[in-house]
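Comments concern the structure below.
The values are calculated or read from the model by the stated rules, or taken from the named source; none is laboratory data. Keep in mind that this is a model prediction, so the values were computed, not measured. Here the Cβ is made from the backbone with ideal geometry for all residues, glycine too, and neighbour counts use every protein chain on show.
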Amino acid sequence: MNDQPFFRIDWVIDNLDEIGGRVGEHLVMTGIAIGVGLVISFGLALLIRRVRPLYGPTIAITGALYSIPSLALFALLIPITGLSLLTAEIALVSYTLLILVRNIVAALDGVPAEVLDAADGMGFGSVERLWRVELPIALPVIVAGVRIATVTTIGLVTVTSLIGLGGLGYLIVNTGINRFFATSIYTGVALSVALAVLADVGLESLQRRLTPWARARSG
Amino acid sequence: MTPQARPGGAVVTFEHVTKRYGPPGVPPAVDDLSLAIPAGEICVLVGPSGCGKTTTMRMINRLAEPTAGRITIDGQDVRDLSAVELRRGIGYVIQQVGLFPHLTVGENVAIVPRLLRWPEPRIRERVEELLELVGLEPGAYRARYPASLSGGERQRVGVARALAADPPVMLMDEPFGAVDPILRDRLQNELLRLQAKVGKTIVFVTHDVDEAIKMADRVAILRRGGVLAQFDTPEAILSAPASEFVEHFVGADRGLKRLSLAKVRDLQLIQPLIVRVGEPRVEVRRRMEVDGTGYALLVDAADRPLGWVDSAELAADGTLTEEEATPGAPPLQPETTLRDALSTLLGSSVQLGVVTDERDRVLGLLSVDAISEVLRPDATAPRS
């Protein structure tokens, strides 16, 4: 490692295709995890709203999932689902649940009671009320949760390099650490940090654009 | 005044309605209530907390379901329709207004017409019309979000929203409970003016007896446990309380409360000398000499009152400016009750109030003396 220059830009140029592919893989794995995590969390949040006593146990279970080290989770899953994308996604999705469920429940709970009373009094059905009143008002808080979950997941994807996937994690672990090749490590780290920052900024601006009303203080 | 059915409303009846939260044996929230609210009238439900007044109101649009008995609107049982359909046909206004923060003022007003799938052009037209009706200029307010409105503006939008689909019945749950007394008086007056145009059947809940007396064509006084103590016109309730409870609830100052039955517009107003900004001082002085009272009311170009001008302090020449007015004439409206007018006047430095119309133009002056005339024991409170 000592005789290498600090950063070999020629390697980056030669391997642009590989790097681009890893960025793509990273994004797809993050996207799937957040997408599936959102669907499951929504289901759970809606269930919790109907059956409130489920909230405690749900948070306890998703919290326990969150606390399992990823390595241990892979060890548990590999005998069942193998070294597959499914294994990786099961792990990634389960880490999003705690953040997303808690946020969606809090977001829906945050819709003012008088708004719900007015909606009922004006003749919204329960499905209409959810889609046209509760979700739009809850959206800023939900998107805030998605932001945290996304940034966390982008970091976690690198860990799936342990089972041969990993997106940018592959550059860090497999071509980097394992082969004592610093340039690959730097590239992987820099790009995954950049993705996290871009995702955060992008979601923040989405959140603002979706909620012009939240900024409409005295005009 | 004899309450008369007006075309905009519907008759609402309660037939032996009981509402119990919890198992039989628990004291009911509303107990065997029977009432008939004539079409086009404001019926105020009033009583101490725990008297079931809000529950009574909420049973009309089935936000609460009666345990026993029947409620009808124009003869039709409210349970004949689905709750959702029923509610779309009944206006609903609550104390915290409950405007949807993610929708503009225009979209908020359009909610029920959209639920009813009116064509868009008709909705747009209706929104304009309603904003005008509640005194909010459509161009300035349509696109604003509720977060940028004042309390009074929000409450007006709430009323416009409730009127959107032209429902025959409006339910109002302490609509002015969260605003300051001056604004409350204004909003009450606006609602009375509006009601004179639309003639809805309004079921209005309040815990404030003065508000009940001012707003109601008929008052239903409920006592704890949802028992109807008296259902009658405000005059009858003040002059002939049906029980000790009613007498106590209405208060010891029934005489004074009778002032709430009369409005400023029922009295002869004093016509002051009115001078306008920009008028030459020489001319003003001459007119004040002819008038002889020694003061004049200064108004701006739109006839809005600015304050008093004293002949002793009037400069010799030039024209009148806005700064010359000494403010301190408490504003009154024709719909203000004499009771509120009296308390306003007693609390101000000048015991002479300026009565203005809805565009703030001067109609005349009202003095404390004129009100105390009404208070004399042999005088009967005039009623509009």
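Would you pick out the residues in region B:299-332 that are surrounded by fewer than 16 Cβ atoms within 10 Å (Cβ to Cβ), assigned to a loop (DSSP other than H, G, I, E, B) and touching a helix residue (DSSP H, G or I) at 6+ places or on another chain (Cβ under 9 Å)? If the condition is that a residue be surrounded by fewer than 16 Cβ atoms within 10 Å (Cβ to Cβ), assigned to a loop (DSSP other than H, G, I, E, B) and touching a helix residue (DSSP H, G or I) at 6+ places or on another chain (Cβ under 9 Å), then B:ASP300, B:ALA315, B:ALA316, B:ASP317, B:GLY318 are the ones that fit. Could you check, for region A:100-110, whether at least one of its residues is closer than 17 Å to B:LEU63 by Cα and small (Gly, Ala, Ser)? No: region A:100-110 contains no residue that is closer than 17 Å to B:LEU63 by Cα and small (Gly, Ala, Ser).
In the set A:SER41, A:SER84, which member is of a type in the set (Ser, Thr, Tyr) and farther than 13 Å from A:THR96 by Cβ?
A:SER84
The set of residues in region A:163-219 being part of a helix (DSSP H, G or I), within 14 Å of chain B (Cβ to nearest Cβ) and in contact (Cβ under 8 Å) with a residue 40 or more places away in the chain consists of A:GLN207, A:LEU210, A:ALA214. Confirm whether A:ALA60 is part of a helix (DSSP H, G or I), within 30 Å of B:MET170 (Cα to Cα) and either more than 14 Å from chain B (Cβ to nearest Cβ) or not charged (D, E, K, R) (or both). In short, no.
Within region B:79-97, take every residue that is out of contact with any strand residue (DSSP E or B) (no Cβ under 9 Å at 6 or more places or on another chain) and either within 9 Å of another protein chain (Cβ to nearest Cβ) or among the small types (Gly, Ala, Ser) (or both) and give me the one that is surrounded by the most Cβ atoms within 10 Å (Cβ to Cβ). If we take residues in region B:79-97 being out of contact with any strand residue (DSSP E or B) (no Cβ under 9 Å at 6 or more places or on another chain) and either within 9 Å of another protein chain (Cβ to nearest Cβ) or among the small types (Gly, Ala, Ser) (or both), then B:ARG87 is surrounded by the most Cβ atoms within 10 Å (Cβ to Cβ).
Summed over region B:237-284, residues that are polar (S, T, N, Q), free of Cβ contacts under 8 Å to residues at least 40 places away in the same chain and surrounded by 13 or more Cβ atoms within 10 Å (Cβ to Cβ) total 1. Name the single residue, out of those in region B:138-183 being among the aliphatic types (A, V, I, L, M), more than 13 Å from chain A (Cβ to nearest Cβ) and touching a Gly at 6+ places or on another chain (Cβ under 9 Å), that is surrounded by the fewest Cβ atoms within 10 Å (Cβ to Cβ). Only one residue tops the list, namely B:LEU183.
Across region A:4-55, what is the number of residues that are of a type in the set (S, T, N, Q) and farther than 30 Å from A:ALA182 by Cβ?
In the first step, residues of region A:4-55 are kept if they are of a type in the set (S, T, N, Q); the result is A:4, A:15, A:30, A:41.
Filter again for farther than 30 Å from A:ALA182 by Cβ, leaving A:41.
So the answer is 1.
Out of curiosity, is B:VAL26 under 22 Å from the mean Cα position of the chain (by Cα) and surrounded by fewer than 21 Cβ atoms within 10 Å (Cβ to Cβ)? No.
For region B:61-78, the tally of residues that are surrounded by 18 or more Cβ atoms within 10 Å (Cβ to Cβ) and either in contact with a His (Cβ under 8 Å, 6 or more places away or on another chain) or within 7 Å of chain A (Cβ to nearest Cβ) (or both) stands at 2.
When region A:182-201 is limited to residues that are small (Gly, Ala, Ser) and over 11 Å from A:VAL151 (Cβ atoms), the one that is modelled with the highest pLDDT turns out to be A:ALA194.
Sort out which residues of region B:212-236 are surrounded by fewer than 23 Cβ atoms within 10 Å (Cβ to Cβ) and of a type outside the set (A, V, I, L, M), and write them in order of number. Quick ask: steps written out before the conclusion?
The initial filter retains those residues of region B:212-236 that are surrounded by fewer than 23 Cβ atoms within 10 Å (Cβ to Cβ), namely B:217-218, B:223-225, B:227-233, B:235-236.
B:ASP217, B:ARG218, B:ARG223, B:ARG224, B:GLY225, B:GLN230, B:PHE231, B:ASP232, B:THR233, B:GLU235, listed by residue number.
Among the residues of region B:102-122, is there at least one that is surrounded by fewer than 18 Cβ atoms within 10 Å (Cβ to Cβ), in contact with a Pro (Cβ under 6 Å, 6 or more places away or on another chain), free of Cβ contacts under 8 Å to residues at least 40 places away in the same chain and away from chain A (no Cβ under 11 Å)? Within region B:102-122 (the criterion being surrounded by fewer than 18 Cβ atoms within 10 Å (Cβ to Cβ), in contact with a Pro (Cβ under 6 Å, 6 or more places away or on another chain), free of Cβ contacts under 8 Å to residues at least 40 places away in the same chain and away from chain A (no Cβ under 11 Å)), the answer is no, since none of the residues qualifies.
Kindly indicate whether A:VAL36 is touching a helix residue (DSSP H, G or I) at 6+ places or on another chain (Cβ under 7 Å) and surrounded by fewer than 20 Cβ atoms within 10 Å (Cβ to Cβ).
Working: touching a helix residue (DSSP H, G or I) at 6+ places or on another chain (Cβ under 7 Å): yes; surrounded by fewer than 20 Cβ atoms within 10 Å (Cβ to Cβ): yes.
For A:VAL36, the condition - touching a helix residue (DSSP H, G or I) at 6+ places or on another chain (Cβ under 7 Å) and surrounded by fewer than 20 Cβ atoms within 10 Å (Cβ to Cβ) - is met.
Enumerate the pairs (first residue in region B:15-27 and aromatic (Phe, Trp, Tyr); second residue anywhere and surrounded by 10 or more Cβ atoms within 10 Å (Cβ to Cβ)) with beta-carbon separation below 7 Å, excluding pairs fewer than 6 apart on the same chain, so at least 6 apart or on different chains. Here the result reads B:TYR21/B:ALA29, each pair linking region B:15-27 to a residue that is surrounded by 10 or more Cβ atoms within 10 Å (Cβ to Cβ). Just to verify a result, which residue in region A:108-124, among those that are in contact (Cβ under 8 Å) with a residue 12 or more places away in the chain and buried (at least 16 other Cβ atoms within 10 Å of the Cβ), is farthest from the other protein chains (Cβ to nearest Cβ)? Residue satisfying both the conditions and the ranking: A:LEU108.
May I ask you to list the residues in region A:125-140 that are aromatic (Phe, Trp, Tyr) and buried (at least 17 other Cβ atoms within 10 Å of the Cβ)? Walk me through it before giving the result.
Quick first cut of region A:125-140, residues aromatic (Phe, Trp, Tyr) only: A:131.
Of everything in region A:125-140, nothing turns out to be aromatic (Phe, Trp, Tyr) and buried (at least 17 other Cβ atoms within 10 Å of the Cβ).
Of the listed requirements (1) at pLDDT 95 or above; (2) within 11 Å of chain A (Cβ to nearest Cβ), B:VAL203 misses just one: (2).
Any chance region A:27-50 includes a residue that's in a loop (DSSP other than H, G, I, E, B), in contact (Cβ under 8 Å) with a residue 24 or more places away in the chain and of a type in the set (Lys, Arg)? No - not one qualifying residue is present in region A:27-50.
Residues are listed down the side, and each one gets a yes or a no for (1) of a type in the set (A, V, I, L, M); (2) modelled with pLDDT of 95 or more:
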| residue | (1), (2) |
| --- | --- |
| B:ALA147 | yes, no |
| B:GLN155 | no, no |
| B:ARG161 | no, yes |
| B:ALA165 | yes, no |
| B:MET170 | yes, yes |
| B:PRO175 | no, no |
| B:ALA178 | yes, no |
| B:ILE182 | yes, no |
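Surrounded by fewer than 12 Cβ atoms within 10 Å (Cβ to Cβ), of a type in the set (Ser, Thr, Tyr) and touching a residue at least 12 places away in the same chain (Cβ under 8 Å): is that true of B:SER349 in this structure? Considered against the rule, which asks whether it is surrounded by fewer than 12 Cβ atoms within 10 Å (Cβ to Cβ), of a type in the set (Ser, Thr, Tyr) and touching a residue at least 12 places away in the same chain (Cβ under 8 Å), B:SER349 comes out as yes. Among residues that are surrounded by 16 or more Cβ atoms within 10 Å (Cβ to Cβ), over 30 Å from B:ASP173 (Cα atoms), touching a Leu at 6+ places or on another chain (Cβ under 9 Å) and within 14 Å of chain B (Cβ to nearest Cβ), A:VAL143 is included.
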